[in-house]
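Asker: Here it is, the structure in full.
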Amino acid sequence: MKFEKKNIAWLTTLFVPMQDTNSTTVQIFVKAGSIYENRKTNGISHFLEHMFFKWGKKYTTPASVAIAVESFGGEFNAYTGEEIASYYVKCPPAHAHKALDVLADMMIHAQFPIDELEREKLVVVQEIKMYEDNPQALVSEKRNTRYTGDNPYWRSILWPEQNVMAFTREDLYAHQQALYTKDNLILVVAGKIEDQASLELAIGELFAELPTSKKSGAVPYQRILPSSQSDFFDKKTEQNHLIISAPTFDYTDDRKYAAKLLATILGGNMSSRLFQNIREKLWLCYYIGARHSVTSYDGLFMIRAGIDKERFDFWLEHIYAEIEKFVSDDITDEELANAKSYLAGKLQMGIESSDEMAEFVGSDMLLYDECKTLEDIMRYYDAVTKKDVQSLLSMLSKENLYLYYIQ
C-alpha cells in the first residue's frame, strides 16, 4: 500500500493509487462532528450533512446532484460521527473530475434554501425515530448520555428533535464557515488514478474559494464516570439489550493493539469465548460480542448482548462469571495466534475497494496527521506478546465495569 500526501493550494490531499481496481473514490474528511457542538447546536453537524446535498451553485436541486453522479453509475453518500463528518463519491476512474466538481459545489456553494431546509427537518426527525425504535442503537445513545455527563463528547449525533426543528439557515452557515476550511479538512483520492496531474489542477481550481482557517474548535475533554455502576432505561422492549463497558485509553496509546486482540479473544467473532460459551453452549442470547474502540480523546472496552428479559438477572450472572473467568484464566498461545490471524485477514479484506481504502487512510490523516499502512498495522499486531494482552485483563475486573441496559 502506497500513498502520496500533497499540499494543493493549502488543501491537504492524499492520493492512494490502486491500479488493479476499476473505481475511484473522492472523499472529504472534516473535523466537524458532534464534539464541536454545544447543547443548543447539538445535531447540527448531522443536519448540515443532509443539507449539503440539497442545493449548490451548479447543481441546483437534490435531483441534479443525484443525476450528476448516478448518470455514470456513481455512488455518493456521507456520514457524521463524533469527530468527523465525511462526504464521498465513488465512480468509474474516467469520471473522477465530475466527482470533484460535485463535492466542491456542495462544500463551497451550498445555498440551504428555506423550503428545502424545512422539508429536510422532517426527514431527519424520521431518522431519529428510526433509531429510537432500534434498541441496539438506542441503548448506545442512552448509555453515552448516562456515563459521560452533559458535555459535547459522546452526545447524540442526531438528537434532540427540538434542536433540529429550530435550526436556521444562519445556524448552518455559521457551522459551515467555522469548520469547513482548508486547515480543518483533507481530500482523499483512492483507487485507479488515471491522470493525477489533471486532478491536482482541478482540485486547486475547484476548491480555491474554500476558506483557509477554521474559527472554532472542541472544548477540552474530561472523562466523567457515574457514581453507580448499573443503570437502565425503560423502553418496554421484547429483550433486554445491555452494554457492559470499561474506560481505557485513547488512540495515541500503543496498547490499543493489545486491547483489540483482547477483545477479539473474548468476544470479537464466532470462535470467541463469549460467543461459544454464552451463545453456543448455554443458548442465552442471539447476539453477544466484545470490541475495543479508541478516539483522539478516550477509549472504551464494550461487551454487548441481547438477552431474555424474563430471566435477565440469571443470565447476566453467567455473563459476568464468564468475564471473571476470562480475567483469571491464562490466554493461550493458540488464542493469541488465531486473533492475530483473524485481524490481519479482516484488515486485508477491509481495504479491497477504493471507498474502503479512502476511509482507511482518511480519518487517521485528518485526526493524527499520520497514515499507517496495512503493513505497519500488521507489524504492530505481530509484535504484541501474550504478556502484553494479559497486562490489560485488570481493565475487566468487576469494579471497573459499568452496566447499562434497555428493558
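The values are calculated or read from the model by the stated rules, or taken from the named source; none is laboratory data. Remember, predicted model here, so these are calculated numbers, not experimental data. Using ideal geometry, Cβ is built from the backbone for each residue, glycine included, and neighbour counts are taken over all protein chains shown. SASA here: full protein model, heavy atoms, side chains in, ligands and nucleic acids out. Shrake-Rupley method; radii C 1.70, N 1.55, O 1.52, S 1.80 Å.
Asker: Name every residue in segment 206-264 that is of a type in the set (Val, Ile, Thr) and closer than 17 Å to Trp154 by Cβ, in order of residue number.
Answerer: Applying the first criterion (of a type in the set (Val, Ile, Thr)) to segment 206-264 yields 212, 219, 224, 237, 243-244, 248, 252, 264.
Residues satisfying the conditions are Val219, Ile224, Ile243, Ile244, Thr248.
Asker: Out of all the residues in segment 221-232, which are open to solvent by less than 80 Å² (accessible area, probe 1.4 Å) and either more than 15 Å from Leu401 (Cβ to Cβ) or charged (D, E, K, R) (or both)?
Answerer: Within segment 221-232, the subset open to solvent by less than 80 Å² (accessible area, probe 1.4 Å) is 221, 224, 226, 228-231.
Selection gives Tyr221, Ile224, Asp231.
Asker: I'm trying to understand the selection: among the residues of segment 44-90, which are among the small types (Gly, Ala, Ser) and under 24 Å from the mean Cα position of the chain (by Cα)? Show your work before the answer.
Answerer: Of all residues in segment 44-90, those among the small types (Gly, Ala, Ser) come to 45, 56, 63-64, 66, 68, 71, 73-74, 78, 81, 85-86.
Result: Ser45, Gly74, Ala78, Gly81, Ala85, Ser86.
Asker: Next up: In segment 347-382, which residue that is among the hydroxyl-bearing types (Ser, Thr, Tyr) and closer than 23 Å to Glu194 by Cα is surrounded by the most Cβ atoms within 10 Å (Cβ to Cβ)?
Answerer: Quick first cut of segment 347-382, residues among the hydroxyl-bearing types (Ser, Thr, Tyr) only: 353-354, 363, 368, 373, 380-381.
Now restrict to residues that are closer than 23 Å to Glu194 by Cα: 353-354, 373.
Numbers: Ser353: 17, Ser354: 27, Thr373: 13.
Among residues in segment 347-382 that are among the hydroxyl-bearing types (Ser, Thr, Tyr) and closer than 23 Å to Glu194 by Cα, the one surrounded by the most Cβ atoms within 10 Å (Cβ to Cβ) is Ser354.
Asker: Something else about it: Hand me the list of helices (runs of 4 or more DSSP H) wholly inside segment 96-203 holding 1 or more residues that are among the hydroxyl-bearing types (Ser, Thr, Tyr). I'd like the intermediate steps shown before the answer.
Answerer: Working: elements: 96-108, 114-132, 135-148, 161-166, 169-179.
Of the helices (runs of 4 or more DSSP H) lying wholly inside segment 96-203, those with at least 1 residues that are among the hydroxyl-bearing types (Ser, Thr, Tyr) span 114-132, 135-148, 169-179.
Asker: A follow-up question, please. Can you list the strands (runs of 3 or more DSSP E) lying wholly within segment 1-87 that have 3 or more residues being buried (at least 23 other Cβ atoms within 10 Å of the Cβ)? If you could, list the steps in order and put the result at the bottom.
Answerer: Numbers: elements: 4-8, 11-17, 24-30, 75-80.
The strands (runs of 3 or more DSSP E) meeting that bar are 24-30.
Asker: Kindly indicate the residue of segment 233-254 that is surrounded by 13 or more Cβ atoms within 10 Å (Cβ to Cβ) and more than 24 Å from the chain's Cα centre (by Cα) and also nearest to Glu83 (Cα to Cα) among those meeting that condition.
Answerer: The qualifying residue nearest to Glu83 (Cα to Cα) is Phe233.
Asker: Checking Thr332 against (1) over 30 Å from Gln222 (Cβ atoms); (2) hydroxyl-bearing (Ser, Thr, Tyr); (3) touching a residue at least 24 places away in the same chain (Cβ under 8 Å), which test does it fail?
Answerer: (3)
Asker: Sticking with this structure for a sec: Any chance segment 398-406 includes a residue that's open to solvent by less than 80 Å² (accessible area, probe 1.4 Å) and touching a His at 6+ places or on another chain (Cβ under 8 Å)? Talk me through it step by step, then tell me what you get.
Answerer: So in segment 398-406, the residues open to solvent by less than 80 Å² (accessible area, probe 1.4 Å) come out as 400-406.
Checking the rest, the ones that are also touching a His at 6+ places or on another chain (Cβ under 8 Å) come to 405-406.
Yes, segment 398-406 contains a residue that is open to solvent by less than 80 Å² (accessible area, probe 1.4 Å) and touching a His at 6+ places or on another chain (Cβ under 8 Å).
Asker: Restricting to segment 19-29, name every residue that is out of contact with any Phe, Trp or Tyr (no Cβ under 6 Å at 6 or more places or on another chain) and at pLDDT 95 or above.
Answerer: The first filter runs over segment 19-29 and keeps only residues out of contact with any Phe, Trp or Tyr (no Cβ under 6 Å at 6 or more places or on another chain), leaving 19-24, 26, 29.
Scanning segment 19-29 gives Ser23, Thr24, Val26, Phe29.
Asker: Just a yes or no: is a residue in segment 334-346 at pLDDT 95 or above, open to solvent by 30 Å² or more (accessible area, probe 1.4 Å), within 30 Å of Tyr320 (Cα to Cα) and hydrophobic (A, V, I, L, M, F, W, C)?
Answerer: yes
Asker: Another question about this same structure. With the checklist (1) open to solvent by less than 40 Å² (accessible area, probe 1.4 Å); (2) modelled with pLDDT of 95 or more in hand, flag the one item Pro92 doesn't pass.
Answerer: Result: Pro92 passes all but (1).
Asker: Within segment 106-141, can you find the residues that are open to solvent by less than 70 Å² (accessible area, probe 1.4 Å), in contact (Cβ under 8 Å) with a residue 12 or more places away in the chain and over 27 Å from Glu170 (Cβ atoms)?
Answerer: Listed by number, the residues that qualify are Pro135, Leu138, Val139, Ser140, Glu141.
Asker: If you check Asp308 against the conditions, is it under 27 Å from Gly33 (Cβ atoms) and open to solvent by 50 Å² or more (accessible area, probe 1.4 Å)? I'd like the intermediate steps shown before the answer.
Answerer: Numbers: under 27 Å from Gly33 (Cβ atoms): no; open to solvent by 50 Å² or more (accessible area, probe 1.4 Å): yes.
So Asp308 does not fit the description; no.
Asker: Tally the residues that are open to solvent by 50 Å² or more (accessible area, probe 1.4 Å) and not acidic (Asp, Glu), restricting the search to segment 260-295.
Answerer: As a first pass, look at segment 260-295 and keep what is open to solvent by 50 Å² or more (accessible area, probe 1.4 Å): 260, 270-271, 276, 279-283, 286, 291.
With not acidic (Asp, Glu) added as a condition, the list becomes 260, 270-271, 276, 279, 281-283, 286, 291.
Here the count works out to 10.
Asker: Out of (1) free of Cβ contacts under 8 Å to residues at least 40 places away in the same chain; (2) assigned to a loop (DSSP other than H, G, I, E, B); (3) more than 23 Å from Tyr87 (Cα to Cα), what's the single condition that is false for Lys215?
Answerer: (3)
Asker: Continuing with the same structure: Tally up the residues in segment 157-192 that are small (Gly, Ala, Ser), open to solvent by 10 Å² or more (accessible area, probe 1.4 Å) and more than 16 Å from Met107 (Cα to Cα), please.
Answerer: Kept after step one, since they are small (Gly, Ala, Ser), are these residues of segment 157-192: 166, 174, 178, 190-191.
Subset that is open to solvent by 10 Å² or more (accessible area, probe 1.4 Å): 166, 174, 178.
With the extra rule that they be more than 16 Å from Met107 (Cα to Cα), the set shrinks to 166.
Number of matching residues: 1.
Asker: So which residues in segment 284-296 are β-branched (Val, Ile, Thr) and part of a strand (DSSP E or B), if there are any at all? Step through it out loud before you land on a result.
Answerer: Kept after step one, since they are β-branched (Val, Ile, Thr), are these residues of segment 284-296: 288, 294-295.
Result: Ile288, Val294.
Asker: Considering segment 157-187 alone, what residues qualify as being touching a residue at least 40 places away in the same chain (Cβ under 8 Å), among the polar types (S, T, N, Q) and more than 30 Å from Leu11 (Cα to Cα)?
Answerer: Asn163
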